[in-house]
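Below is one structure, written out as structure tokens; the observations come after it.
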Amino acid sequence: MDIKFSAEDLAFRDEVREFFATEYDADMAARLSGGQGSDYKPAIVAWQKKLHAKGWIAPGWPVEYGGTGWNATQKFIYETERGLAGIPDVVPFGLKMVAPVIYTFGNEEQKAKFLPRILESEDWWCQGYSEPGAGSDLAALNTTAEYAGDDYIVNGRKIWTTFAQYADWIFCLVRTSKGMRKQQGISFLLIDMNTPGVTVKPIVTIDGKHSLNEVLFEDARVPVANLIGEQDKGWTYAKALLAHERTGMAEIADSTRSLDALKRRATTEINGGQAMINDPVFQMRLSDIEMELMALEYTELRVFASMAAGGMPGPESSLLKIKGTEITQAIQELQLQLAADYGGALPEDLNAEQLGHDYAFEARGKYMYGRAATIYGGSNEVQRNVIAKAVLGL
Amino acid sequence: MNFDFTEEQTMIKDSVSRFVREEYDFDTRRGIIESDEGISRKFWSMFAELGWLSVPFAEEYGGFGGTVEDIAAVMEELGKGIVVEPYASTVVVFGGLLSASTNEALKSEVIPSIIDGSCMGSFACVEAQSRFEMADVATTATACDGGYKINGEKTVVANGGTADKFIVTARTSGSQFDRSGVSLFLVDASTAGVTVKSYKMMDGQSAATVTFTDAVVAESQLLNTTGEGMDLVDQVMPQILMGLSAEALGIMATLNTLTVEYTKVRQQFDTPISSFQVLQHRMVDTFMACEQTKSMLYRGLCQAGEDDAHELSKTVHALKATVARYGRLIGEEAIQIHGGIGMTDELNVGHFVKRLMMINVTFGDGDFHQKKFNQLSYSA
């Protein structure tokens, strides 16, 4: 048993490191560090275009559509280096969510029309799954698409749509017929956000920011040509996607980096003249998290090894999602705890320098928005149900 | 044995409760936070008229002559409305310190103005390097013509922007971490050399950085004997922490109620989500957490009437640590069980959680107080 990388793997790692070090410069880092500010879209698009120019924008795609052709080890190395370098992931909705559905289940016209523009970051996609009445119970969705000759007429309401305000396209699960089971009669539809009858309403979250939205459809006419695969089979296509979505949620490298930053910050926060990093209680809080992360790193490696051997991500992806998000939240909680009273300050009336404790704004924002991680992508309760059923056979 | 509030306490509790229910709905609160001052002067005057601002003060100054139980009764109800007017910082903290002062002239002058609503005050005790160690005071007060000259900077001073007066910890002798040598001064916000930079906090309240540059205060503004300020703070801190914990208890109970009610109406998988055992058990845990917090508070309230400072101190540290631990549990579960809607700024849940988080770090977080508890309990 070992986790030694081959000489080729190490050479690849060095290449990735060097590319990130040169291309993800201080300017880019500064523009993307805020996460959701007004500069976010142009900044992340600029970064994605750099990745595309290098040919690294879509490691998960088959080579014929623009993938990198990397093996599983290389993909793992790439993702780890990205996280350790503090580089945000690509916007997943186009590249990681709808694209696999299009190249797996779409027709040739759809592939030709959408995939190149996704690779080039020309189209911004968003995800129209959840509805006010369909959250964990996604199949309860009732946005309807009524077949009317060349078009579907779509009516309904999607919610929690991340970055819909930037989007050119939305991929939606819509109800095209009433089946015996509610999973039947759902179709996978691509909708142009400029379609008359489509409106976006912002939702401000508890971190005070706007990344989520409601998307309303009122008699929006969508060409039948935008249907993926067969009508009423959309649930199957969406499900194929979900396991992939969850695997990416462990974010171990990102957590490693955040934990390192937290440890650094604990050297400059003092109490009674002692740095917090030397405080035995604070050390216990840190190691509670770090030990979980050390184990999860190897859990992920075990999943990765089985995938490298040809397995598909199964219920393990639920384990990675649950543990990964819980660790992420634990780091966010401890960072906010470190920020003490300053963690409550809002940036409207003063800058970080005036406040001192310059990470305090970020600590509050990340903690507050971070609460969503155990809710979205299938809540952690639902993930536990998946493990109970699929692994424990309950 | 009796854990009931007295008839008088119940009356004032009901009066605050009615105000929160009938006049302080969520939209009203939001409007107040978005206003220039961030508080309602109209409501503050009303609090004065209703006698709420007089609760902890002795009758000789025009007060109600209440105890920490009365404070807790008011604070718990204010918590249920996450009232942003500076009751805690002015009446409980500033007023509490002033009440314990040995400077009679100062008390006769200032306490009546708190009671009639004309004076808001705040305790300026945190410094950039001090974190929760209140005796870590780098701000200095040096004797000069006309009294003392104060130099230094205080951070996250609660409601500092609207405070008319501050009680300031400043070092008159000793080195940075010495408990003795810290003195308490009453400083008018308009004193030359005092600047206030106010900013909003996530709980809808505000805080300020208050800077003192050769600010001269008369010797008559000392709250007690020079260099013995920390003794006075120690004396008052239990009732301050119990007051804040009572507010937290009101918030916890409200969050639990909101969550249980929501699960009864939220349908998923063709049934109210309240029917899921996993959620039921977690709501039972948050219910028990709230009950345990209430018991810890009542333990403190009972002991406050007794004579054992050591036991009271232990209980109060345990209380603040319990509030931190269970406050976080209840807040996080409330958001999680609400799901997506719990993430929105529009829903009240997140706002209750944010106030709870601020109470958690005010005058020491859970770990800080648990360590103090350990020191009092387990020394060999």
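No lab work stands behind these numbers, since they all come straight from the coordinates. Predicted model, so just to flag it, every value in this text is computed and none were measured. Neighbour counts run over all protein chains shown; Cβ positions are idealised from the backbone, glycine included.
Some points to look at:
- Around B:THR140: net Lys/Arg minus Asp/Glu count, Cβ-Cβ under 9 Å: +2
- Cβ-derived FRET efficiency at R0 45 Å, B:GLU37 paired with B:SER379, nearest 0.05: 0.40
- The alpha carbons of chain A give a radius of gyration and a Dmax of 21.9, 75 Å, in that order.
- Cβ-Cβ FRET estimate between A:THR22 and A:VAL63, R0 fixed at 30 Å, reported to 0.05: 0.75
- Chain B: calculated mean residue ellipticity at 222 nm from DSSP helix runs of at least 4, using -39500 (n - 2.57): -16500 deg cm²/dmol
- Peptides B:50-56, B:173-179 ranked from most to least packed, by the mean per-residue count of other Cβ atoms within 10 Å: B:50-56, B:173-179.
- For the range A:125-233, the tally of Lys pairs with Cα-Cα distances below 25 Å comes to 8, considering only residues 8 or more apart or on different chains.
- Other protein chain C-beta atoms within 10 Å of residue C-beta, averaged over A:200-207: 4.
- Counting only whole DSSP H helices of chain A, the ones at least 20 Å long by C-alpha along their axis and with mean Kyte-Doolittle hydropathy no lower than -0.5 are A:234-247, A:280-308, A:316-339.
- Counting only other chain Cβ atoms within 10 Å of each residue's Cβ, the peptide B:128-136 averages 5.
- Neighbour net charge for A:ILE153 - beta-carbon separation under 13 angstrom, K R +1, D E -1: -3
- Angle in degrees between helix B:277-304 and the longest Cα principal axis of chain B, rounded to the nearest 10: 30 degrees
- Estimated translational diffusion coefficient (Stokes-Einstein, Kirkwood radius over Cα pairs, 4 °C, 1.567 mPa s) of the protein assembly as shown: 45 µm² per second.
- For peptide B:274-282, the mean count of partner chain Cβ atoms within 10 Å of a residue's Cβ comes to 1.
- Förster-model FRET efficiency, 22 Å R0, B:LEU50 and B:PHE3, C-beta, rounded to 0.05: 0.30
- Put a dot 7 Å past the Cα of A:ILE387, heading toward its Cβ, do the same for B:ASP307, and the two dots end up 5.6 nm apart.
- Over the range A:248-390, the alpha carbon radius of gyration divided by the compact-protein estimate 2.2 N^0.38 Å works out to 1.20.
- A:ASP39 versus A:LYS54: modelled label distance in nm, points set 7 Å from Cα along the beta carbon direction: 2.1 nm
- Here chain B carries DSSP beta bridges of which approximately 85% are antiparallel, counting only pairs with both residues inside.
- Distance in nm between pseudo-label sites at B:GLU261 and B:GLN235 (7 Å out along the Cβ direction from Cα): 4.4 nm
- Multiplying the residue separation of A:ALA29 and A:SER6 by 0.36 nm and subtracting their alpha-carbon distance yields 5.2 nm.
- In degrees, nearest ten, helix B:309-338 long axis to first principal axis of chain B (Cα): 40 degrees
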